[in-house]
Amino acid sequence: MKRVLFSLMVLGLAVSCSGQNSADEAKQSVVYMTEEISPESLVKIYEALGRPAEGKVAVKISTGEPGGHNFLQPSLIKDLVQKVGGTIVECNTAYGGRRSNTEDHIRAAREHGFFDIADVDIMDSEGEFNIPVKDTTHIKYDIVGTHLKNYDFMINLAHFKGHAMAGFGGVIKNQSIGVASANGKAYIHTAGVTSKVDELWGHVDDQDGFLESMAAAAQGVADYFGDNIIYINVMNNLSVDCDCDSHPDDPEMHDIGIFASLDPVALDQACLDQVYNMTPTDGNDNRPLIERIDSRNGRHTVDYAEKIGLGTKNYRLVSID
């Protein structure tokens, strides 16, 4: 894997653009990366971003559906969460399972060890409220948990992997579906048709509308926090399935590293490029994940997020190793 990353760096560190002049570089967002996936490297890449988490800090992760095992482990994230005095935040799911209500969700988070490292807050446990979105093509607002009001800063700490409906999940999904309340998840999944969880599955036929709604919701959260938000993708346990899956397929790719940026579009694009630009070898096969992403038109989420102004796909990759 080092050969892959070194090859990208030889090409000038700017992976998703063709020009290397100063004008091009001025338009690029910086994406930091490290090949080392460890508690120490997670703290190091957070510090490289140069935007210290201040005030009451929300660390948005997926607590993982019981039965699954690919979610970011407490042992990996502990040092970062405790360094910033963070609270792990989540919202209830819009599907059946053990995280669809607060009591069961808390129990699942406890079983997975998250309460051993920090407080855990289910943000929609006491209700929800609407925040504005700039792009109202599908959704007219974003429905989030009321506890979001309690936080001054968010660390969007995502596990990059595949997803059964979105194709892939990174920081854009973690900030849209992940921050939305259960009803908000239904609203995004149905591209604004309904915010009722019990009506969700009858209105999931607009795939691109769903992907575009995720981008719009993620922009709403970005605008809510302003400069008080950072983005980190951990590229390990690269299953085609999400951490919301209780029986995910085993990864067929090797772990790649940790990537971070102040630009969520650049970050997700950089991680997609890591997947698509890899040459498959025996025991390290990116083709199943690519098929999952392509079959759901997953890259459209990033394209649309750039279109509506959430960020840019033009980035410069900087190693901190």
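Derivation of every value follows stated rules applied to the coordinates shown; laboratory data play no part. Given the structure is predicted, the values throughout are model-derived calculations rather than measurements. Using ideal geometry, Cβ is built from the backbone for each residue, glycine included, and neighbour counts are taken over all protein chains shown.
Counting pairs of alpha carbon atoms under 8 Å apart in space and at least six apart in sequence, what relative contact order in percent does region 30-319 give? Contact order relative to length: 24 percent. Each other residue within a Cβ distance under 12 Å of residue 80 adds +1 if Lys or Arg and -1 if Asp or Glu, for a net charge of 0. Peptides 97-107, 211-221 ranked from most to least packed give 211-221, 97-107, packing being the mean of other C-beta atoms within 10 angstrom over each peptide's residues.
Peptide packing for 119-125, 255-261 was compared via the average number of neighbouring C-beta atoms within 10 Å per residue; ordered from the highest value, the list is 255-261, 119-125. Backbone amide hydrogens, once placed in the peptide plane, bring residue 168 within less than 5 Å of 163, excluding anything fewer than 5 places away on its chain. Here residue 313 is the anchor, and the lysines within straight C-alpha reach of less than 22 Å, apart from those fewer than 8 places off in the same chain, are 27, 134, 161, 173. Once C-alpha pairs closer than 8 Å and six or more residues apart are averaged by separation and normalised to the residue number of region 87-201, the relative contact order reads 25 percent. Can you classify region 42-142 as rounded, prolate or oblate using the Cα gyration tensor, where a ≥ b ≥ c are the square roots of its eigenvalues, rounded means a/c under 1.5, and otherwise it's prolate if a/b beats b/c and oblate if not? Oblate. In region 204-321, one over the average inverse separation of all distinct C-alpha pairs is 15.4 Å, which is the Kirkwood hydrodynamic radius.
Over the chain, DSSP H runs of length four or greater, each weighted -39,500 (n - 2.57), average out per residue to a 222 nm ellipticity of -9500 deg cm²/dmol. Membrane-span-like helices of the chain, defined as complete DSSP H segments with a Cα extent of 27 Å or more along the helix axis and a mean Kyte hydropathy of at least 0.0, are identified as 207-225. Listed peptides 135-143, 57-65, 43-51 appear in the order 57-65, 135-143, 43-51 once ranked by packing, highest mean of other Cβ atoms within 10 Å at the front. Specify whether the C-alpha gyration tensor of region 30-319 places it in the rounded, prolate or oblate class, a ≥ b ≥ c being the square roots of the eigenvalues: rounded for a/c under 1.5, otherwise prolate if a/b is larger than b/c and oblate if not. Taking the square roots of the gyration eigenvalues as a ≥ b ≥ c, region 30-319 is rounded.
Computed about its Cα centre, the charge dipole of the chain is approximately 480 debye, with only Lys, Arg, Asp and Glu carrying charge at their Cβ. Among 112, 100, 174, which residue has its Cα furthest toward the positive end of the charge dipole of region 56-204, with +1 on Lys/Arg Cβ and -1 on Asp/Glu Cβ? Farthest towards the positive end: 174.
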